[in-house]
Ligand SMILES: [Zn+2]
């Protein structure tokens with residue numbers, strides 16, 4: 001695909017009002033970390049000349065998302081993000097757009113450090129181009145992450161985990177190829193140490209930049 005036609009939409013994770021989504025000691029917050037990585041990916045892709053936008057850079061809900069409960073705000077947030085992506089698909093062409101939502105996984109409920117580690121990418125079931133994009137991202141993760149933190153988990157969203165069901169929305173309701181990356185675990189001590197190191201931030205950024213560029217390069 002012509003580089004000038006590609007339209008990359010980066011998705012931030014959650015809102016500051018979403019409960020949980022942090023390390024057991026509260027120091028690592030998924031919503032904040034996601035926005036830092038998304039900004040780095042945005043800057044690098046822009047620097048090499050791609051059209052790229054961030055769906056929701058702010059931490060707090062906007063007027064349309066504000067609700068009586070965090071759950072209501074989450075529902076509105078996910079709907080807002082999908083509408084944002086689909087409006088861009090309508091404007092720039094669905095075939096030219098792609099959506100990459102950047103998250104950090106969790107194994108427990110946030111009260112204790114857990115053993116689970118690793119990197120994963122999710123797609124909605126049955127969308128070929130999303131699978132292709134996911135595979136390019138996975139290949140970069142395999143290449144760039146340290147050996148002890150890279151295992152591949154791939155799932156559709158029928159596994160019943162409520163967190164994934166909430167995020168599933170942005171993969172199934174968006175018209176263009178869409179993937180969600182879970183970049184290691186926020187409740188694993190070693191993963192958090194790696195994620196917050198400069199070398200870790202650079203690796204997580206590069207997985208997304210190179211994965212997206214390689215995906216675009218093979219598009220007809
Ligand atoms: Zn998340």
For this session: Out of 30, 36, report the one residue that is out of contact with any strand residue (DSSP E or B) (no Cβ under 7 Å at 6 or more places or on another chain) and within 28 Å of residue 192 (Cβ to Cβ).
Result: 36
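Given the criteria at pLDDT 95 or above, exposed (fewer than 15 other Cβ atoms within 10 Å of the Cβ) and away from the ligand (no atom under 16 Å from the Cβ), does residue 197 qualify?
yes
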Exercise. Here are some conditions: (1) within 16 Å of the ligand (Cβ to nearest atom); (2) touching a residue at least 60 places away in the same chain (Cβ under 8 Å). Residue 56 meets all but one. Which one does it not meet?
Worked result: (2)
For this session: Inspect all residues belonging to the range 22-44 and state whether any of them is at positive phi, part of a loop (DSSP other than H, G, I, E, B), crowded, with 22+ Cβ neighbours inside 10 Å and in contact with a helix residue (DSSP H, G or I) (Cβ under 6 Å, 6 or more places away or on another chain).
Result: no
Problem set entry | Within the range 111-133, tally of residues that are under 22 Å from residue 78 (Cα atoms) and at pLDDT below 90 | 11
For this session: Could you tell me whether the range 99-106 includes any residue that is more than 27 Å from residue 193 (Cα to Cα), touching a strand residue (DSSP E or B) at 6+ places or on another chain (Cβ under 8 Å) and at pLDDT 95 or above?
Result: yes
Seminar exercise, completed: Note: among 140, 77, just one is surrounded by 17 or more Cβ atoms within 10 Å (Cβ to Cβ), modelled with pLDDT of 95 or more and either within 28 Å of residue 17 (Cβ to Cβ) or more than 16 Å from the ligand (Cβ to nearest atom) (or both), namely 77
For this session: Look through the range 89-109, keep the residues that are under 19 Å from the mean Cα position of the chain (by Cα), surrounded by fewer than 24 Cβ atoms within 10 Å (Cβ to Cβ) and within 16 Å of the ligand (Cβ to nearest atom), and return whichever of them is farthest from residue 34 (Cα to Cα).
Result: 107
Problem set entry | Single unsatisfied condition, residue 73 versus (1) closer than 28 Å to residue 185 by Cβ; (2) touching a helix residue (DSSP H, G or I) at 6+ places or on another chain (Cβ under 9 Å); (3) in a helix (DSSP H, G or I) | (2)
For this session: Given the conditions (1) under 22 Å from residue 187 (Cβ atoms); (2) in a helix (DSSP H, G or I); (3) more than 16 Å from the ligand (Cβ to nearest atom), report the number of the one that residue 113 does not fulfil.
Result: (2)
Exercise. Looking at the range 1-21, which of the residues that are within 16 Å of the ligand (Cβ to nearest atom) and assigned to a strand (DSSP E or B) is nearest to residue 206 (Cα to Cα)?
Worked result: 10
For this session: Examine the range 121-129 for a residue that is free of Cβ contacts under 8 Å to residues at least 40 places away in the same chain, in a helix (DSSP H, G or I) and over 29 Å from residue 200 (Cα atoms), and state whether such a residue exists.
Result: yes
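The values are calculated or read from the model by the stated rules, or taken from the named source; none is laboratory data. The structure displayed is predicted, hence computed values, not measured ones. As a convention, Cβ positions derive from the backbone with ideal geometry for all residues, glycine included, and neighbour counts pool all protein chains shown.
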